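One structure is given below, encoded as structure tokens.
Quick note: the coordinates plus some simple rules give every number you see, no bench work behind them. Predicted model only: the values in this text are computed from it and were never measured. Glycine also receives a Cβ, built like all others from the backbone with ideal geometry; neighbour counts cover every protein chain displayed.
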Amino acid sequence: MSIQKTMTINMGPQHPSTHGVLRVVVELDGETVVKARPVVGYLHTGIEKTMESKLYYKALPCTDRMDYLAPMSNNLGFCLAVEKLMDIEVPEKVKWARVCLAELTRVNSHLVWLGTHALDLGAMSMLLYAFRERELIIDIYEACGGQRMMTSYIRVGGLAHELPKDFEKKVRKMIKVIRERLNDYETLLTNNEIFIQRTRGVALLSAEDAINLSLSGPLLRGSGVARDLRKDNPYSGYENFDFDVAVSNSCDAYGRYLLRIEEIRQSLRICEQAIDGMPEGPYRAHVPGVVLPPKEDIMYKMESMIFHFKIITEGFKAPTGSVYQAIESPKGELGFFITGDGTTQPRRVRVRPPSFINLAALPKMCEGGLFSDVVCAIGSIDIVWEKLTDDVV
Amino acid sequence: MKEVIKAIGNVFISMPKGLFVTFKHLFIKPVTLDYPKQKNPMSPRYRGKHYLERYDDGTERCVCCGLCAAACPADAIYMEPDETEKGERCAKVYEINLLRCIFCGFCEEACPEEAIFLGQEYEFSAGDRDSFIWTKEEMLVQHPRKDNPLKRVIRRVRKVYGVTDKVK
């Protein structure tokens, strides 16, 4: 009988640093990882199928639940896809408000990532600070949509309600506070020798591998490929905003950390521009039969009342055809592929989940490294599970 | 060698800087609340526990049209219609299953009678599944609304939609 030289260890599915229920089967030679194989499928939500069985407007709350850290980005992606299918033009104010809200989610998602990633690597207070600042953004969500995480605020054809009166004040305060506190975070982590030792040169991923694995988002930009859908393929009026695409050439976890910090700064810049230049106008497009009329109208106007009843009971009919709309979500390229067949329900909804595709890089990042660096690699991918296992059927 | 010196420099210069940031927080007012005693006020649009509105004379606003049940993405609302003595439509049974409800607020938006609202209450845990089915009686606001703590909130929620009882 031959002696086995390597040892196989199961990491997860119930492991605090796997951010959910990821199971990684790791083959170890001493402390070096020879092979790492992520096993997904422990959390199947079937969101795509659920969305196919619902009317277009009722499928929207499902998108919130795909990525609980970035609800507004998901709403935006779905709404843009349906609007593309239905050929709806939204008012200018809606575009600006959507950009502002989408950038808020980016800050929110990156702050949670920063806190949990630092916690994985042993920096406890970072988590507390990041969640404290996140509270400011969550409060803005609550004032807008009424819920702290599952907002469903961005709707097909506009927004659910008018922006709250103190929106501008709250966003300005948030921008000021987070800008200030980002310096604190950098003092805590950027030059911290322990953090540097844990992240620099760890979880390496070359640009070639990143492109071959069709990665997107901070993981791709962390390997030196400056691809950002907000610049390359602008949607929702991103071409009006002045911002830089953060790129890191170091290809390691430390570079990705610096990149995400820079992305938060750029997002705050975009938020500020959006607040400064927010045009006046309606918060919903006027498309009778597709977009709900304003609530006050249905009390006094017959047509509005009829459309209100018709939209809610029957939904709106989308034309036959397929659209693909991708947006730059905090985790990467989030794409919605929707096929309409002339009825009120989508025939097929396919989501390109960035977390799932980015997870494919895990073996490349881990193999040849130390076992303790697997945690760092998982953290730097920034996965969210709801969206991830949706893909595994 | 250069890197080692840099690392040592980092340890002696940057780490105390980081520690100072943490130390600074000893003197900052805490952001946490002493929860059961202190509570954060929710925003006017907050979507909490549902309640059913009445007209000022006490009759129920709900006419059991079924739009909220049609709008509900989770199919959480069940209702059966009935008629009052005056011959007006009203709801005989109106139930919301909290275990299905996702608090999206679509029922509130759909309601053409301004009858159902999502209130500010968020503490409704219970020990058994049956108590998660809210009936009409549990959700209707008290009639003389004098001592109803929700009153202030109702006005604010109405303001969100810009609707009052007055006919233009």
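At 222 nm, what helix-only mean residue ellipticity would chain A give, in deg cm²/dmol to the nearest 500, using -39500 (n - 2.57) for each DSSP H run of four or more?
So the helix-based figure for chain A works out to -14500 deg cm²/dmol.
Mind listing the long-range amide H neighbours of residue A:333? Cut-off is under 5 Å, sequence gap 5 or more, other chains count too, H placed in the peptide plane at 1.01 Å from N.
Under 5 Å from the amide H of residue A:333: A:216, A:217.
Under Stokes-Einstein, with the Kirkwood radius over Cα pairs standing in for Rh, what whole-number D in µm²/s applies to the range A:47-381 at 20 °C and 1.002 mPa s?
The diffusion coefficient I find is 103 µm²/s.
Cβ neighbours within 10 Å, averaged per peptide: list A:255-268, B:37-50, A:63-76 in order, most packed at the top.
Top to bottom by mean Cβ count within 10 Å: A:63-76, A:255-268, B:37-50.
If you build a Gaussian network model of chain A, linking Cα atoms that sit under 10 Å apart, which residue out of A:273, A:147, A:197 swings the most?
Among A:273, A:147, A:197, the largest GNM mean-square fluctuation belongs to A:197.
Long-range amide H contacts for residue A:23: which residues qualify at under 5 Å (H placed 1.01 Å from N, peptide plane, sequence gap of 5 or more or a different chain)?
Under 5 Å from the amide H of residue A:23 lie the amide H atoms of A:39, each far enough along the sequence or on another chain.
Over the protein assembly as shown, what portion of Cα pair distances is larger than 38 Å, expressed as a whole percent?
In whole percent, the long-distance tail amounts to 35.
Rounded to the nearest 500 deg cm²/dmol, what is the calculated helix-only ellipticity per residue at 222 nm for chain B, with -39500 (n - 2.57) per DSSP H run of length n ≥ 4?
Computed ellipticity for chain B at 222 nm equals -6500 deg cm²/dmol.
Of the peptides B:85-91, A:24-30, A:137-143, how do they stack up when ordered by the mean number of other Cβ atoms within 10 Å, highest first?
The most tightly packed comes first, giving A:137-143, A:24-30, B:85-91.
Which of A:113, A:96 comes first, and how do the rest follow, when ranked by fewest Cβ neighbours within 10 Å?
Final ranking by Cβ density, sparse to dense: A:96, A:113.
Averaged over A:184-191, how many beta carbons belonging to a partner chain fall within 10 Å of each residue's beta carbon?
Taking all residues of A:184-191 together, the mean is 5.
What list of ³J(HN,Hα) couplings, whole Hz, do you get for the range A:363-377 from phi and the Karplus terms 6.51, -1.76, 1.60, once you set θ to phi - 60° and write x for glycine and proline?
Values, residue by residue: x, 4, 6, 8, 5, x, x, 8, 5, 5, 7, 4, 4, 5, 5 Hz.
Straight-line reach only, C-alpha to C-alpha below 12 angstrom: list the aspartates and glutamates that residue A:173 could link to, leaving out same-chain residues fewer than 8 apart.
Those aspartates and glutamates meeting the cut-off are A:133, A:139, A:272.
What does the charge add up to near residue A:177, with Lys and Arg as +1, Asp and Glu as -1, over the other residues with Cβ less than 12 Å from its Cβ? Mind dumping the intermediate values first?
On the way: positive: A:132, A:134, A:170, A:172, A:173, A:176, A:179, A:181; negative: A:133, A:135, A:139, A:180, A:184.
So the surrounding residues net to +3.
As I understand it, the dipole of the protein assembly as shown uses +1 on the Cβ of Lys and Arg and -1 on the Cβ of Asp and Glu, about the Cα centre. Which of B:62, A:371, A:187 lies farthest toward its positive end?
After comparing all options, I get A:187.
Quick one: helix A:92-120 against the long Cα principal axis of chain A, what's the angle to the nearest 10°, folded into 0 to 90?
20 degrees
Mind checking the dipole of the protein assembly as shown: about its Cα centre, +1 per Lys or Arg Cβ, -1 per Asp or Glu Cβ, Debye to the nearest 20? Please report the intermediate quantities before stating the final value.
Values: 75 positive and 75 negative charges, 195 e Å.
I would put it at about 940 debye.
Express in whole angstrom the spacing between the alpha-carbon centres of the range A:45-88 and the range B:1-74.
24 Å
Based on other C-beta atoms within 10 Å, arrange A:161, A:117 from fewest to most.
In order of increasing Cβ crowding within 10 Å: A:161, A:117.
Using a cut-off of 14 Å between beta-carbons, work out the net charge of the residues near residue B:94 (Lys and Arg +1, Asp and Glu -1, residue B:94 not included).
Every neighbour counted, the sum reads -3.
How large is the Kirkwood hydrodynamic radius of the range A:183-235, in angstrom, based on all distinct alpha carbon pairs?
Taking the inverse mean of 1/r over all distinct Cα pairs, the range A:183-235 comes out at 13.0 Å.
Compute the angle between helix B:15-24 and the longest alpha-carbon principal axis of chain B, please, reported from 0 to 90 degrees and rounded to the nearest 10.
Between the helix axis and the principal axis of chain B, the angle is about 40 degrees.
Compute the signed sum of charges (Lys and Arg +1, Asp and Glu -1) over the other residues within less than 11 Å, Cβ to Cβ, of residue A:226.
With Lys, Arg at +1 and Asp, Glu at -1, the neighbours total 0.
Pick from A:353, A:330, A:164: which is most flexible by mean-square fluctuation in a GNM of chain A where alpha carbon atoms under 10 Å apart are linked?
A:164
Which one of B:12, B:22, B:32 has its Cα pushed farthest toward the positive end of the charge dipole of the range B:1-95, where Lys and Arg give +1 and Asp and Glu give -1 at the Cβ?
In the range B:1-95, that residue is B:12.
Highest GNM mean-square fluctuation, chain A, Cα pairs closer than 10 Å: which of A:364, A:331, A:58?
A:58
Would you mind giving the mean number of other chain beta-carbons within 10 Å of the Cβ of each residue in A:159-167, as a whole number?
2
Can you compute 3J(HN,Hα) from phi for each residue in the range A:45-59, using the Karplus curve 6.51 cos²θ - 1.76 cosθ + 1.60 with θ = phi - 60°, rounded to whole Hz and x for Gly and Pro?
Listing the rounded values in order: 9, x, 5, 4, 5, 4, 5, 5, 8, 10, 5, 4, 6, 7, 6 Hz.
Using the alpha-carbon centroid of each, what span in Å lies between the range A:319-383 and the range A:203-272?
First find each Cα centre; the distance between them is then 15 Å.
How would you classify the range A:247-376 from its alpha-carbon gyration tensor, with a ≥ b ≥ c the square roots of the eigenvalues: rounded for a/c under 1.5, else prolate if a/b is greater than b/c, otherwise oblate?
oblate
Past 21 Å, Cα to Cα: identify those pairs from A:170/A:295; A:95/A:170; A:49/A:317; A:54/A:84, in the order given.
A:170/A:295
Report Rg (one decimal) and Dmax (nearest whole number) for chain B, counting Cα atoms only, units Å.
Rg then Dmax for chain B, in Å: 25.3, 94.
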